Amino acid sequence: MMIQEIKDRRSIRRYKPDPVPRSAIEEILQAGILAPSSKNRQPWKFIVVSGREKESMLEAFAKGLLREKERPLLPGSAMHLSGAEYTLQIMRQAPVIIFILNPLGLSFDETLTAEDRIYEICNAQSIGAAIENMTLAAENLGLGSLWICDTYFAYEELRGWLKDEGQLAAALALGYADEAPHARPRKSFEQTVEWRMG
């Protein structure tokens, strides 16, 4: 039952070098494709990276992190740059990285109307549903995963490397876990749920 995968899923930051079978990657991607999406727009494209291609991508990410120190895209997030450097090390270990792009996404420098903002929010929710499906499918197949947003620190470099005009939404590291982290603390049911009935 999928509820068990929800309870057991962890963000994995240490991976074994064992290769991930293509059939497992395809099953995980299919889980993402089956996610619900606002107005059935299905605002996603997946790019699977491994082997030598992964090494080239990591170089682009590293260049982006160096550039971010000198000419930051995210100056208000400088305190998280060391976390992005750690993420780069995690990505080096993971045998597979899946990039999730939003072909319908608007560029960061566009002026958005209220309707544009709502479309962006709805598309982001749809992509989040796809990624969550993928993490649960990975758990079901005995694989670990890490949902990565630190790619924004190297946004332009990675988009250039990916050679895709779509908005870079996130990345997903994938592989066999080399750790078994405990569940992180969660807010209680009472703290997060309000009932309005009657």
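The values are calculated or read from the model by the stated rules, or taken from the named source; none is laboratory data. Just so we're clear, the structure is a prediction, and the values are computed from it rather than from any experiment. Cβ coordinates were reconstructed from backbone atoms using ideal geometry, including for glycine residues, and neighbour counts include every protein chain displayed.
Worth a mention:
- Options 78, 60, 31: the member that is hydrophobic (A, V, I, L, M, F, W, C), in contact with a Pro (Cβ under 8 Å, 6 or more places away or on another chain) and either under 28 Å from residue 186 (Cβ atoms) or not in a loop (DSSP other than H, G, I, E, B) (or both): 78
Quick grid of which residues meet (1) at pLDDT below 95; (2) in contact with a strand residue (DSSP E or B) (Cβ under 8 Å, 6 or more places away or on another chain); (3) surrounded by 15 or more Cβ atoms within 10 Å (Cβ to Cβ):
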residue: 62; (1), (2), (3): no, no, yes
residue: 67; (1), (2), (3): no, no, yes
residue: 74; (1), (2), (3): yes, no, no
residue: 82; (1), (2), (3): no, no, no
residue: 86; (1), (2), (3): no, no, no
residue: 94; (1), (2), (3): no, yes, yes
residue: 97; (1), (2), (3): no, yes, yes
residue: 106; (1), (2), (3): yes, yes, yes
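- A single member of 5, 26 is in a helix (DSSP H, G or I) and surrounded by 13 or more Cβ atoms within 10 Å (Cβ to Cβ), and it is 5.
- In segment 124-173, the residues that are within 18 Å of residue 86 (Cβ to Cβ), among the hydrophobic types (A, V, I, L, M, F, W, C) and buried (at least 20 other Cβ atoms within 10 Å of the Cβ): 146, 148, 153, 154, 158, 170, 171, 172, 173
- Condition broken by residue 43, with the remaining ones in (1) touching a residue at least 24 places away in the same chain (Cβ under 8 Å); (2) closer than 17 Å to residue 148 by Cα satisfied: (2)
- Unmet criterion (only one of (1) on the phi > 0 side of the Ramachandran plot; (2) of a type in the set (S, T, N, Q); (3) in contact (Cβ under 8 Å) with a residue 12 or more places away in the chain) for residue 50: (1)
- When the criteria are applied in full, residue 190 fails the requirement of being part of a loop (DSSP other than H, G, I, E, B), exposed (fewer than 14 other Cβ atoms within 10 Å of the Cβ) and either of a type in the set (D, E, K, R) or modelled with pLDDT under 95 (or both).
- Taking segment 34-55 as the range and being surrounded by 13 or more Cβ atoms within 10 Å (Cβ to Cβ), assigned to a helix (DSSP H, G or I) and among the polar types (S, T, N, Q) as the test, only 38 passes.
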